[in-house]
Each structure stands twice: as C-alpha cells, then as structure tokens.
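Presented below is the structure to which this report refers.
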Amino acid sequence: MSGKVVIISGPSGAGKSTLVKRLFEICPLPLALSVSATTRAPRPDEVDGVSYHFLSHDEFERRRLNDDFLEYKEVFGQGQWYGTLEQSVSDGQASGKWVILEIDVAGALSVIDRIPDAITIFINPGSMEELERRLRNRQTDSEEAILRRLQVAKHEMSNRHHYQHQITNDEVDRAARQVSQLLQALETK
Ligand code: 5GP
C-alpha cells in the first residue's frame, strides 16, 4: 500500500510546527514527517536531522545538482534555501505512511505538479496581530527578518485559495484535532 502526501502550509509564525507536533501525538493514522533541508542557521531549540537537515550552501547545491529534491525554494528571498528531499517522501509513502510536508506555498504548488493527489491544508493564524506577536516572541530574528516574514506572510495568505482545506490555528489543540479529523475522514476516500 502506498501512503498519502499531506502538504501543510501557512505563514511563518502561524504555529504550524507546534500544530504538527500535536497532530503526531493525537492522530491515530500512521504519520511520517518529511524533514526538509535548509541553509538557514539552526535556532537554539532545533536539532539537526529532526527539525531540519541543516546544510551548508555548498552541500545544498550538491544535493540539488544530484536531483535529490522534490522541490526547493528560496523562501524569504534573502539567500536562505529550503527543500523537500525526495527520499524522505518516497520512504514514508513506500511504508504506507501519511507523509506530512510543512512547506511554503510556492513549494506546495511544485509538489502538487509532481503529486497531483496530494492533500493540501492551509493553516491560518488567529489574526495578523497574533502572527506578529508570535514572530516577535521567538526573539531569534532581527527586526529586518521579522518585517520580511510579515510581508511574506501576507503573500502566503493571498494564495490560500490554492488549498483544498483551511484550518484556523487560534487554539493549537483544537486546530490539531480538526486536522486529525480531516485526515481520518479522507482515509476512507
Ligand atoms: P522557518 O525558517 O521558520 O523554519 O521556515 C520558514 C518557512 O519555510 C516556513 O513557512 C515553511 O513552511 C517553509 N519551509 C520549510 N521547509 C520547506 C521546504 O522544504 N520547502 C519549501 N518550499 N518551504 C519550506
């Protein structure tokens, strides 16, 4: 049996990572997380190989030339690259898992081209004020980086109509439950 691919997108700061973590705790389906590669520096609480595969620019380029990526994008237009490794998706699918991809809108559109039956879910922040507050509370980004993320967030929100499903993350437990129920409802389809 081949597993399904589930794309979860939404602006940076919408709480996607926390929601996905919670989803893994509560969802009875066999889920696997696709760990992306990135050239950006790890945050203090991030672990290499778990949060991301943290690669140098040279290593990212080597893997890109090797055709290792299902898709790759320069997400914030500031020289940092993010990419979905083909193998992390195919390994999960081959073992019958639901592979969760937490990627941006441009990356999602590329994946849909390659995997047309992918399930797509957009996570809305509770509000733009809440989004800005979350980005600022992280205290890991410069003012310039925060403003850039807010600008990109607005762009991401304007593309949410490309997604089959939308969930609002105003309360993480509830939002995770909604995603879990949605996936279970799709299991029988
Ligand atoms: P962050 O730097 O906050 O971890 O992630 C920034 C953004 O990059 C997130 O909105 C996330 O959806 C996106 N992202 C993470 N991994 C990938 C990936 O492999 N491909 C693409 N296209 N976007 C990604």
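Can you find, within region 5-46, the residue that is nearest to W81 (Cα to Cα) among those that are crowded, with 18+ Cβ neighbours inside 10 Å and modelled with pLDDT under 95?
S12
Evaluate region 18-39: report whether one residue or more is within 12 Å of the ligand (Cβ to nearest atom) and more than 15 Å from the chain's Cα centre (by Cα).
For region 18-39, residues within 12 Å of the ligand (Cβ to nearest atom) and more than 15 Å from the chain's Cα centre (by Cα): present.
If I go through region 64-100 residue by residue, how many of them are near the ligand (Cβ under 7 Å from one of its atoms) and not in a loop (DSSP other than H, G, I, E, B)?
Result for region 64-100: 6.
Select from region 115-133 the residues that are over 18 Å from L29 (Cβ atoms) and over 17 Å from the mean Cα position of the chain (by Cα) and list them in ascending order.
P116, G126, S127, M128, E129, E130, E132, R133
Can you tell me which of (1) within 24 Å of N169 (Cβ to Cβ); (2) open to solvent by less than 60 Å² (accessible area, probe 1.4 Å); (3) modelled with pLDDT of 95 or more is the one D68 doesn't meet?
Unmet for D68, out of (1) within 24 Å of N169 (Cβ to Cβ); (2) open to solvent by less than 60 Å² (accessible area, probe 1.4 Å); (3) modelled with pLDDT of 95 or more: (1).
Restricting attention to region 120-142, and to residues there that are farther than 20 Å from K73 by Cα and aliphatic (A, V, I, L, M), which single residue is farthest from the ligand (Cβ to nearest atom)?
Here the residue is M128.
Just to be sure I understand, how many residues within region 26-41 are assigned to a loop (DSSP other than H, G, I, E, B) and over 14 Å from H57 (Cα atoms)?
Initially, region 26-41 is screened for residues assigned to a loop (DSSP other than H, G, I, E, B), giving 27-30, 34-36, 39-41.
Filter again for over 14 Å from H57 (Cα atoms), leaving 27-30, 34-36.
Residues that pass the stated criteria total 7.
The values are calculated or read from the model by the stated rules, or taken from the named source; none is laboratory data. Because the structure is a prediction, the values reported are computed rather than measured. Because the Cβ atoms are built from the backbone with ideal geometry, glycine has one as well, and the counts that use them run over all protein chains shown. Just so you know, the surface numbers come from the protein's heavy atoms only, side chains and all, with ligands and any DNA or RNA stripped out. Shrake-Rupley method; radii C 1.70, N 1.55, O 1.52, S 1.80 Å.
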